[in-house]
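For reference, the structure discussed in these notes is given below.
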């Protein structure tokens, strides 16, 4: 039986702006802090270059419903140890901004689920800083370092 995680967050931005960030290489690269290649069309590819430790993560866009939903596969690992999951991002306009619901499903083990849950929480926090208070390399670096340290401590504890 597979597991799925869901994260809900309200951003002080329009659905149009959030959709643009999720579908533009430049914005994705700024947010994730790594090179991202994206061809935002159904069947188009998306690839995150996380380096040796995280390896490349790639996928294909399954759905692009402008300003409402984005879905793509999330594939990582080598051929014999490949894990393919699916990410759904839903955007809903609210009075004080946009509710973003991220659902990542298809995890087959607790370790993978926990790593992705922690990772998405970190990236959502970084993104909230960028979207809600404007871009600031100093703030972003400080938060990234804090979360990076937290993740390393958590990984050490879990291993």
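Within segment 1-25, can you find the residues that are within 26 Å of residue 118 (Cβ to Cβ) and without any contact (Cβ under 8 Å) to a residue 24 or more places away in the chain?
1, 24, 25, listed by residue number.
Taking segment 42-66 as the region of interest, how many residues are at pLDDT 90 or above, part of a loop (DSSP other than H, G, I, E, B) and under 17 Å from residue 83 (Cα atoms)?
0
Touching a strand residue (DSSP E or B) at 6+ places or on another chain (Cβ under 7 Å), surrounded by 16 or more Cβ atoms within 10 Å (Cβ to Cβ) and at positive phi: is that true of residue 43 in this structure?
When the stated conditions are applied, residue 43 does not pass them.
Can you say whether residue 74 is modelled with pLDDT of 85 or more, in a strand (DSSP E or B), under 14 Å from the mean Cα position of the chain (by Cα) and surrounded by 14 or more Cβ atoms within 10 Å (Cβ to Cβ), as far as the supplied structure shows?
When the stated conditions are applied, residue 74 passes them.
Any idea which of 90, 98 is part of a strand (DSSP E or B), out of contact with any helix residue (DSSP H, G or I) (no Cβ under 7 Å at 6 or more places or on another chain) and surrounded by 15 or more Cβ atoms within 10 Å (Cβ to Cβ)? Give the steps one after another, and end with the answer.
Values: 98 fails: out of contact with any helix residue (DSSP H, G or I) (no Cβ under 7 Å at 6 or more places or on another chain).
One residue alone meets the criteria, 90.
Name every residue in segment 4-34 that is more than 13 Å from the chain's Cα centre (by Cα), modelled with pLDDT of 95 or more and in a strand (DSSP E or B), in order of residue number.
4
If we scan segment 5-23, do we find a residue that is farther than 19 Å from residue 130 by Cα and touching a strand residue (DSSP E or B) at 6+ places or on another chain (Cβ under 6 Å)?
yes
The values are calculated or read from the model by the stated rules, or taken from the named source; none is laboratory data. Computed from a predicted structure; not experimentally measured. With ideal geometry, Cβ positions are generated from the backbone for all residues, glycine too; neighbour counts draw on all protein chains shown.
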